[in-house]
Structure formats: structure tokens, C-alpha cells
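Right, one structure below, let's go through it.
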Amino acid sequence: MAELDMTSPLLSSPSSYQPQTVLTVYDDQDYEPSNLQSSLPTTILHQNHNHGRTHNENGHHSSPNPYEFLRSGGFSVPASTTVDPFRNETPFISGIYEVIKIVLCLPIALARLVLFGASLVVGYMATKVALAGWRDKQNPMPKWRCRLMWVTRVCARFILFSFGYHWIRRKGKPAPREIAPVVVSNHVSYIEPIFYFYELFPTIVASESHDSIPFVGTIIRAMQVIYVNRFSPTSRKNAVNEIKRRASCNVFPRVLLFPEGTTTNGKALISFQLGAFIAGHPIQPIIVRYPHVHFDQSWGFISLPKLMFRMFTQFHNFMEVEYLPLIMPSDHQKQNAVRFAERTGRAMASALNVVQTSHSYGDLMLLMKAAQLQQDKPWSYMVEMARIESLYHISSLEAVDFLDKFLSMNPDPSGCVKPHDFLRVLQLKACTLSEEFLFGSAHVLKLPLFRQACELAFAECDTDGDNFCTKKELADVLRHTFRELDDDEVQGLFNLFDTDNDGRISRDDFFYCLRKNPLVVAIFSPRLLRKNLSKAGDKMLDDIV
């Protein structure tokens, strides 16, 4: 029989399907053997499948959904967009015209590099003088220090000039700070922060990692930056509170945010973070375009040195900045940041004439992970993480962990995984495969009864009540259901759960393994069904409350 791949049907017709493995399952009540078609934790069915019990070829009952005991009705995989918001359209030099232009511009590039370096050094020194002796960072920078920062702002304009932005087309005007204390912009390149520093000298919200960048980190500090760690809920909460405080006080500069949270190629507007909209202040959107024919200036999936070299070797780089009308929050939207962000996003997307997608910084993390592991088509692993977070409440870090595990299964260039690689990683025997590993894992992980199932499964394995599970205890539980498991298979599953390799499975080991491999919980389903998981889970919730 030809080997199945990830695009194979989940359930074939009885006449053509031959089970790869038949497991013998014993019921606790009568201990009579019954053949159960293997439906270990890799079978995830779509919602349009029949969730009732089916008959296998031997006439015995089996459930097509091994997660029915978790009250899972199956799931459907959302259709993905064909838009790639991160790909630079000209990552390589191509065409005779571009080659000739770069050769002609090489002497100019050297002069531009000197101008860039000199401007950066002068701006850095002026900023050091402006910051010298200033300790009260919680209050606005004194006016005399701000006047010194004009030297750095002029240097920023020279830096833009060195990159080929000899003139910048503007449309509209920035609203007064008293009217629009918060401005938001799309984010295409590292050029926009330099432009806004020169044009508006705002307070910005930036990643904590920016503080350690040579020269630039010092200049950012002079903008009284609000640092945030995007993966820390506490840091994000503190940043939102600081945005509210500074936006409410007219003595502070206006607050500038890039709500997309990362750079794109400008061909789409990705999902917005809500930090700019929670405070409920009027917002002025600003959009930036980089018209081009031969050279895409976006900081997509391209290295910074390569992008800078291409900018230095252009006759001129085009940039357009448009200040859009203010967006005022309604009384209802002051309490609903999501609606406020949606209104702002629609206005910006309409002005840019681009589509809005549910991609986020998490998709860029997936893209970079796939590229780091040298996948042929790394962009094919993006899943529009904002939508996934909304549907399954799964974080970007969790998605990257799932991707890491999936890529360890050696997917082919089309993104398909062979059964033996899928089972090898999860330490399972042969079974039918899921169509989407990430969606299936996220679906099971976020089921209401998943944690209760983990608790009860560990209790089943911890027969002596010492909060540890030995290899023998695990083998007894598994072989009570799957009598044909041999020692090597038991050892493989034990190694999967024994995450710290100390020869026994603690409660933390057990839960950590099931969170990393949520599909594996189905191997305990016969035992948990006997225990009546639903009632046990409800009782456990009552106890917790």
C-alpha cells in the first residue's frame, strides 16, 4: 500500500482502507478483548464528519474522534490567505539597468556612507550632551535639553539624505499635540522612525532590545521611549499605563506607535496591537508609501546590511507621507479598544489601497524559524497568528514550539509529513494522520476538559500516590488498554514524558509533555472514559472553586 502523506483523506471507504495497526483494547468491566482500530492522538476530524460511533472491519465499535472524551466536536481549518506581508519583492539584484545603476552609484555610495557616519556621530554626541546629568526620566525633558536635541534632529535629516531620500513628499499636516496626543503609522522600513524623529520628535514605544543598539539606543532614550517586552504580560500592561499617562499630559511629546508591531512590505496592513487604542484618546493615523519600480525599500525578510547597501546605491529613493484625518473614539469605543483599532485600521488600509490580514509578529517568528531550519518555502508556514490567537487562545511562542516539533518530522518541500516521521517524533504507533498539526494541537490544547484530563491521567499513572510515575506504572496503564505494546514502545513513551531524564515522571514532567504534545492525551482516553471524565472534571472544577 502506498504510504500516506498529510494530504491523504482522513477516512477512506471501507473497501479501500486497510488499517495499518490494530490495537487490542480491554474493557475494565469484563476484560474481554475487542479490536479497536488505532485512533491514537493524531486523528483530528473536520466538523462535517460524522461524530457518532462507527464499525471497523471486525465489527467492533470505535469512535472516529479520539478526543470525543474531551467534549471535542472536531474542528475545521480556517482558509489561509495567499498574501505574504513580509516578503521583499527585490531581495536580489536583477536586470541590466539595476546592475549598471549600482556600479555608477558606488562612488556616490562611499560619500553617502561618510555622510551617514558623520551625521550619526554628531547626533550621538549632541544627544549625550542633552542627556548629561538628567535623572528625572518620569517627567518631560526640560526645554533647554529639547533645544539641544534639534542638532540630532537635523542630523537625522542628513541621514535620510544619505540613504537617498533627497526630498520627501508630504500630504496633509500633523494635528496639534493637544488635539491628537497619539499618532499611529504603518511600518515598512527603519526609515519611518528616523523621519518621525526629525519631523515630530515624539515619544515612541519600542522593544527593550533597542536600548542596547550602539548609538541608536542613546538617541532613542532621548525620545523618552516607553520600553515593552511583547512576550511579558506585565511589561505590556505597564506600557499601556505609561501610554495613558503621557497621552493625558500635554507637557509630554505626542506618543507614536506602530500598531502592527513589526515591519511589512507595505502591500498589506496586518493586525493591530491594542496599546494605542486602550486609552481612548483621539488618534491621527499616518501612512507611509515607498513608490518604486526596480528596488523594494521595505524591510521585509531581508538583512539590514543588504538593504542599506541597496539604498546607498540608488540615484534617489521615493517616500510619501500622508497625515490622515483624526479618528475620534465614540463613548462606546472608549470602552472597546478592539472596535477603535478596527476603525483606524480600515481608514489606513483604504488610504493605502491595500488589504487587511490577520498576520502578526507571530507569523514573522514562524517565518524566521522555518528559514533558520532551511525550509524550502518558509513563508508557507505562516498561519495568520492574530486569527489563531483569537480562535484557539494560543500564543506566538506556543505556535513556534509546535512548528519546531512539526519541522522535526522532516516535512517535504510541499509541507507534507510522512506517517513514520510523524509517529517517530510523538513516539506513537501507526495511525491516521491529521491534516493540520498546528490547528489540531491548538484545538485539543484549548478544550475545556484538557487540563482535567491531564490531572486524571496522571492520577491513573501515579498508582502509589507519591506524585511520581515510574516506567512500570506507565506500562501497566498503557498495556491495560493497548496490550500489544512492546518494551521499546513503552520506553519511547516513557522517554517522551520524562522531560528531565531523571528516570521517573513527575507531575510537572507529565503536564509539560502533554502541553508540548497535546495530541498524546488520547492514549489515556479509554481509562478516562471508564472514569467518566466529564463528571470527574466538573467535580474537580467545583473543588477548585
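In nm, to one decimal, how far is the modelled label at ARG483 from the one at ASP401, with both set 7 Å along Cα→Cβ?
Those two pseudo-labels are separated by 3.7 nm.
What is the Cα coordinate range of region 135-291 on the first, second and third principal axes, sorted by size from largest, in whole angstrom?
Dimensions of region 135-291 along the principal axes of its Cα atoms: 40, 40, 33 Å.
What ranking of LEU474, LEU120, LEU274 comes out by heavy-atom accessible area, probe 1.4 Å, highest first?
Working: LEU474 0, LEU120 35, LEU274 60 Å².
Ranking LEU474, LEU120, LEU274 by accessible area, largest first, yields LEU274, LEU120, LEU474.
Using a 1.4 angstrom probe on the protein heavy atoms only, could you order ILE226, ILE194, ILE278, ILE179 from most to least accessible area?
Values: ILE226 5, ILE194 40, ILE278 65, ILE179 90 Å².
Result, largest first: ILE179, ILE278, ILE194, ILE226.
Give the residue from PHE494, PRO518, LEU478 lying farthest towards the positive end of the charge dipole for region 447-542; charges sit on Cβ (+1 for Lys and Arg, -1 for Asp and Glu) and the dipole is referred to the Cα centre.
Selected residue: PRO518.
Which of rounded, prolate, oblate describes region 313-377, given a ≥ b ≥ c as roots of the alpha-carbon gyration tensor eigenvalues and a/c under 1.5 marking rounded, otherwise prolate only if a/b is larger than b/c?
Numbers: a/c = 3.48, a/b = 1.39, b/c = 2.50.
Note, shape of region 313-377 comes out oblate.
List the pairs from LYS369/LYS418; LYS171/LYS369; LYS405/LYS446; LYS244/LYS516 whose alpha-carbon separation is above 28 Å, in the order I gave them. Mind showing how you got there, number by number?
Values: LYS369/LYS418 21 Å; LYS171/LYS369 39 Å; LYS405/LYS446 18 Å; LYS244/LYS516 37 Å.
Listed pairs above 28 Å: LYS171/LYS369; LYS244/LYS516.
Using the Cα gyration tensor of region 369-429, with a ≥ b ≥ c the square roots of its eigenvalues, what is the shape: rounded (a/c below 1.5), prolate (a/b larger than b/c) or oblate (neither)?
Working: a/c = 2.17, a/b = 1.35, b/c = 1.61.
Taking the square roots of the gyration eigenvalues as a ≥ b ≥ c, region 369-429 is oblate.
Calculate what fraction, in whole %, of the accessible area of region 447-542 sits on carbon and sulfur atoms when a 1.4 Å probe is rolled over the protein chains. Could you put the intermediate results ahead of the total?
Values: 2160 of 4430 Å².
Taking all protein chains in place, region 447-542 shows 49 percent carbon and sulfur surface.
Could you state how much accessible area ARG157 has, in square angstrom rounded to the nearest 10, with a 1.4 Å probe and all protein chains kept in place?
Approximately 50 Å² for this residue.
Per-residue counts of other Cβ atoms within 10 Å, averaged by peptide: what ranking do you get for 398-404, 235-241, highest first?
Averaged packing, sorted descending, gives the order 398-404, 235-241.
Given charges of +1 on the Cβ of Lys and Arg and -1 on the Cβ of Asp and Glu, with all other atoms neutral, how large is the dipole of region 96-356 about its Cα centre, in debye to the nearest 20?
Details: 31 positive and 14 negative charges, 106 e Å.
It comes to approximately 500 debye.
Can you give the three extents of the C-alpha atoms in region 203-338 along their principal axes, from longest to shortest, in whole Å?
Computed over the Cα atoms, the extents are 48, 34, 29 Å.
Can you give me the three principal axis dimensions of region 353-400 from its C-alpha atoms, in Å, biggest first?
The Cα atoms of region 353-400 stretch 31, 28, 13 Å along their principal axes.
When the Kirkwood radius is taken over all Cα pairs of region 447-542, what Stokes-Einstein diffusion coefficient follows at 10 °C and 1.306 mPa s, in µm²/s?
Numbers: Rh = 13.5 Å.
Answer from the Stokes-Einstein relation: 118 µm²/s.
Given a Förster distance of 60 angstrom, what is the FRET efficiency for THR463 paired with ALA111, based on the Cβ-Cβ distance and rounded to 0.05? Each step should come with its number before you reach the end.
Details: r = 78 Å, r/R0 = 1.29.
Given R0 = 60 Å and the Cβ-Cβ separation, E is 0.15.
P(r) for region 161-210: what percent of alpha-carbon pairs falls in each 5 Å bin, starting at zero?
Taking all Cα pairs of region 161-210, the binned fractions are 4, 12, 27, 28, 16, 10, 3 percent.
Compute, for ASP412, the solvent-accessible surface of its heavy atoms (probe 1.4 Å) with the complete set of protein chains present, and express it in square angstrom to the nearest 10.
50
In Å, what Rg and Dmax follow from the Cα atoms of region 202-260?
Looking at region 202-260, its Cα Rg and Dmax stand at 11.4, 32 Å.
Give the calculated FRET efficiency between GLU322 and GLU455 to the nearest 0.05, with a Förster radius of 60 Å applied to their Cβ-Cβ distance. The partial results should precede the final answer.
Values: r = 55 Å, r/R0 = 0.92.
So, using R0 = 60 Å, E works out to roughly 0.60.
Once the dipole of region 369-429 is set up with Lys and Arg at +1 and Asp and Glu at -1 on Cβ about the Cα centre, which of VAL425, SER414, ALA399 lies farthest towards its positive end?
VAL425
For LEU391 and ASN353, compute 0.36 nm times the residue count separating them, minus their Cα-Cα distance, and round to one decimal in nm. Don't skip to the end; give the middle numbers.
Values: separation 38, 0.36 × 38 = 13.68 nm, distance 2.76 nm.
Length gained between LEU391 and ASN353: 10.9 nm.
With every protein chain left in place, what is the accessible area of TRP167 in Å² (1.4 Å probe, nearest 10)?
About 150 Å², ignoring ligands and nucleic acids.
Out of every Cα-Cα pair in region 265-372, what percent are more than 21 Å apart? It would help to have the intermediate numbers written out before the result.
Details: 2843 of 5778 pairs.
Of all Cα-Cα pairs in region 265-372, 49 percent lie more than 21 Å apart.
The values are calculated or read from the model by the stated rules, or taken from the named source; none is laboratory data. Computed from a predicted model, the values in this text were never measured in an experiment. Here the Cβ is made from the backbone with ideal geometry for all residues, glycine too, and neighbour counts use every protein chain on show. With ligands, DNA and RNA removed, areas are computed over all heavy atoms of the protein, side chains included. Shrake-Rupley method; radii C 1.70, N 1.55, O 1.52, S 1.80 Å.
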